[in-house]
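First up is the structure itself, then whatever we jot down about it.
The values are calculated or read from the model by the stated rules, or taken from the named source; none is laboratory data. All values derive from a computational prediction rather than experimental measurement. Please note: Cβ atoms are built from the backbone with ideal geometry, for glycine as well, and neighbour counts cover all protein chains shown. When the accessible area is computed, the model is the full protein with side chains, heavy atoms only, and any ligands, DNA or RNA have been set aside. Shrake-Rupley method; radii C 1.70, N 1.55, O 1.52, S 1.80 Å.
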Amino acid sequence: MSSGGDPDPDDAPTNTIPGASSSAASRPRGRPRGAKSKPKPPIIITQDTPNALTSHIFEVSSGSDIVDSVKTYATRRGRGVCVLSGSGAVTNVNLRQPATAVLPLGSSSPVMAMHGRFEILSLTGTCLPPPAPPEASGLALFLAGGQGQIVGGSVVGPLRASGPVILIVVSFANAACDRLPLEEEE
């Protein structure tokens, strides 16, 4: 130490590791140059899983029963079908509308028979193949009449296409039917 109270630079402690060279202390930190994350090749799926949704566009020809056409497709292919939308015209429709009054036990809401040609505003529903119970399937329909009246309900019986009808649907396999609420496991 020098006499003036100033520290002597020779007396300062050094941060060197014994046996290490001085070039190791100045090594840059971080990743080495050129060690970027390499892009990974894309994953290509060559086969659909059995539970995949498959989209379809169905064209139902004039005079055909739309309900029967969808049921036949679901049964023959063994796939559930969910109708997302529909467009076109139908004729002579039977609709079950929700009950507006309290009905006696065991009776159902009335069925309204509509004659003439109607434009489809909305067509949605599901059709499941056997062994699903028949009440698990059904179509809901909203129609516009010639004078601007709008009516809707659940389709009862045949639904005849009056000109080509286009349906946007998805199909699926391996649908499990469960009864709710689930019972407690013991």
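Within region 172-186, which residues are surrounded by 10 or more Cβ atoms within 10 Å (Cβ to Cβ) and at pLDDT 80 or above?
PHE172, ALA173, ASN174
What residue, among those in region 152-171 that are over 12 Å from VAL90 (Cβ atoms) and of a type in the set (Val, Ile, Thr), is modelled with the lowest pLDDT?
Filtering first and then ranking leaves VAL156.
Could you please find all residues in region 108-142 being within 17 Å of SER162 (Cα to Cα) and acidic (Asp, Glu)? Give the steps one after another, and end with the answer.
Step one: list which residues in region 108-142 are within 17 Å of SER162 (Cα to Cα), which gives 113-123, 141-142.
Hit for region 108-142 is GLU119, nothing else.
Take the residues of region 43-58 that are of a type in the set (A, V, I, L, M, F, W, C) and not in a strand (DSSP E or B): which is least open to solvent (accessible area, probe 1.4 Å)? Give the derivation first.
First, pick out the residues of region 43-58 that are of a type in the set (A, V, I, L, M, F, W, C): 43-45, 52-53, 57-58.
With the extra rule that they be not in a strand (DSSP E or B), the set shrinks to 43-45, 52-53.
Numbers: ILE43: 158, ILE44: 131, ILE45: 138, ALA52: 26, LEU53: 121 Å².
Looking at the filtered set, the residue picked out is ALA52.
Within region 128-171, track down each residue that is assigned to a loop (DSSP other than H, G, I, E, B), open to solvent by 60 Å² or more (accessible area, probe 1.4 Å) and farther than 18 Å from HIS115 by Cβ.
PRO130, PRO131, PRO164 - these are the residues of region 128-171 that are assigned to a loop (DSSP other than H, G, I, E, B), open to solvent by 60 Å² or more (accessible area, probe 1.4 Å) and farther than 18 Å from HIS115 by Cβ.
Can you pull out the residues in region 127-151 that are touching a strand residue (DSSP E or B) at 6+ places or on another chain (Cβ under 8 Å), closer than 29 Å to ASP178 by Cα, without any contact (Cβ under 8 Å) to a residue 60 or more places away in the chain and of a type outside the set (A, V, I, L, M, F, W, C)?
Passing the criteria: PRO129, GLY138.
Just to verify a result, which residue in region 67-86, among those that are β-branched (Val, Ile, Thr) and touching a Pro at 6+ places or on another chain (Cβ under 8 Å), is modelled with the lowest pLDDT?
In this case the residue turns out to be THR75.
Residues in region 64-95 that are assigned to a strand (DSSP E or B) and not hydroxyl-bearing (Ser, Thr, Tyr): how many?
Selection size over region 64-95: 13.
Which residues, taken from region 59-99, are open to solvent by 40 Å² or more (accessible area, probe 1.4 Å) and charged (D, E, K, R)?
Correct list: GLU59, ASP68, LYS71, ARG76, ARG77, ARG79, ARG96.
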